[in-house]
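Note sheet for the following structure.
The values are calculated or read from the model by the stated rules, or taken from the named source; none is laboratory data. None of these values were measured; they are calculated from a predicted model. In this analysis, Cβ positions are derived from the backbone assuming ideal geometry, glycine residues included, and neighbour counts consider all displayed protein chains. The accessibility values were calculated without ligands, DNA or RNA, using every heavy atom of the protein model including side chains. Shrake-Rupley method; radii C 1.70, N 1.55, O 1.52, S 1.80 Å.
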Amino acid sequence: MLEDILTPCRALFPDGAHTELRGQVNRTRRVVLLSGNLIQNVRTDVSGVSARVYKNGVYGFSSMAEYTPEAARAVLRATAENADFMDRHVRKNGGPLPTVDRRTLAPDPDLDDAPQSAYLDFAQALDARVAARYKNLVSRRIVVYEDSMEKLLRVSQGTDAHRLAPRCYCYVFLTAETPSGVPVELFTVAGGEGGFRQNFSDPAALDEKIDELYGHVMKKREGVYADAGEKTVVLGGMMTGMLSHEAVGHTVEADIVAGGSVAAHCLGRRVASDKVTMTDFAHHAFGERCPLPVFVDDEGTPAEDVPLIQNGILTGYMNSRESAGRYGMAPGGNARAWLFSDEPLIRMRNTAIHPGTDRLEDMIASVDDGYYLIASGNGQADTTGEFMFGVTMGYEIKKGKLGRALLDTTVSGVAFEMLKTVDMVSDTVTWASSGFCGKKQPMSVGMGGPALRCRITIGGR
């Protein structure tokens, strides 16, 4: 647990300027086995202190890779000097930041830091189980991974906090070959919020999930290529989550909006069918705790849900305090930094389309000739909302029934046009939280959604 060496430094905060002082440690633990062979065994801790000062529309920032009282005082002095320098030379003459409630959050419990041997023992036991249970594979890969961000935050105006955000996952990759010798690979993920011991104890607990994965792999190795063109499809919740994050979420981050994203001209306008509502959730969604809850951001802003699309109408952006003032919106706690040496950027937390009222079975049954697209391995989108995602798992739909599995393909389109074709939304939500968002610096995020029936362009061979 980080010792509180920051509170005494309040006396050094510059008068009349918004100041953030942050101590932070990032921990990672990773073990990787490839077909039983240990290829990675890594344990890292990165810590330090940083400060940021806002003055007349500009920021000064400084950091140091030490967590000591001397380092905290040094970065505060350097940051105040940087802010003065920027103010003299930029002369932005910006107004004050929006005010937020002043409070102090109770500290999170200390990290339950398992020894590295626990990760290795679990990975080896799971690998042996996979090797014994699943045949017709050409390779298998087991990854056990944990990361955590511990942050101690002291601000001149806002919420003081001591937060710990651990997450831990086990990835299982299975690779087989088609009859012609082309490799096909799929993976599944188990785990979530919390440390290793909170998520994993018995490898047998993953049997059902890996059984399902193996079934998909065996069907995929006999799979076919999709017919290229615009098709009616049912996007599974994982695909909806990817779309929500990459093709929509980034376009409504206020710094991207200021840079000219398509959302800059869409506020208050229709961007989806009236069946689509989307929110960047802070810490609870649909009556449950979010996959990666955020209670305060790194500017000291209490985290609140940020409505983005309401019944097809674009209603808001995700903001920092500065951008919230610019757009006349309330800051919702979206400014976060990955390392102590990073400045906070506007980031998503848990971004998802809301569930509807349709059953997935009925959605599939309603499609005469199309596809059920379940999982994506990668994707990209730009500020116009134009996207292309890889599809690693999917099936034909013929006369309302699932058919043959698909070999790898792609889907593409323009998000704010494609979402207007959504005419059915499932009543359940699937969440994913094991990846990273790569906007200038990594960030752990949650994303999810229900299944959607829509029109989309699918690639072929």
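The table that follows gives values for the structure above.
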| item | result |
| --- | --- |
| Cβ-Cβ FRET estimate between Arg270 and Phe436, R0 fixed at 22 Å, reported to 0.05 | 0.10 |
| In Å², nearest 10: area of Glu66 left accessible to a 1.4 Å probe | 90 |
| Cut-off 19 Å (backbone N to label point 7 Å along Cα→Cβ of Asp227), residues of the range 379-412 | 394-412 |
| 12 Å beta-carbon shell around Thr279, net charge (K/R +1, D/E -1) | -2 |
| Å² of accessible area per residue within the range 279-332, as computed with a 1.4 Å probe and no ligands counted | 35 |
| Local net charge near Ser426, Cβ-Cβ under 15 Å (Lys/Arg +1, Asp/Glu -1) | -2 |
| Unit charges on C-beta of K, R, D, E only; dipole of the chain, Debye | 580 |
| The range 198-328: Cα Rg divided by the 2.2 N^0.38 Å rule of thumb | 1.39 |
| Computed lengthening from Ala11 to Arg88, 0.36 nm per intervening residue step minus Cα-Cα distance | 25.3 nm |
| Length released on extending from Arg102 to Glu288, taking residue separation times 0.36 nm less the Cα-Cα span | 64.3 nm |
| With DNA, RNA and ligands ignored, accessible area of Phe13 (1.4 Å probe; Å², nearest 10) | 20 |
| Set of lysines near Lys92 by C-alpha distance (under 29 Å), chain-local residues within fewer than 8 positions excluded | Lys55, Lys439, Lys440 |
| Loop-resident sites, the range 358-414, for trypsin sites (Lys or Arg not before Pro), counting at most 14 other Cβ within 10 Å (DSSP) | Arg359, Lys399 |
| Hits among lysines - C-alpha to C-alpha of Lys398 under 18 Å, sequence gap 8 or more where chains match | Lys219, Lys220, Lys231 |
| Cα shape, the range 21-118, gyration tensor, a/c 1.5 rule | prolate |
| The range 282-392, dipole about Cα centre (Lys/Arg Cβ +1, Asp/Glu Cβ -1), debye to the nearest 20 | 340 |
| Surface share of carbon and sulfur [accessible, 1.4 angstrom probe, percent] for the chain | 49 |
| The chain - mean residue ellipticity at 222 nm from DSSP helices (-39,500 (n - 2.57) per run, n ≥ 4, rounded to 500) | -5500 deg cm²/dmol |
| Cβ-based charge dipole, the chain, positive-most Cα from Thr251, Val182, Gly403 | Val182 |
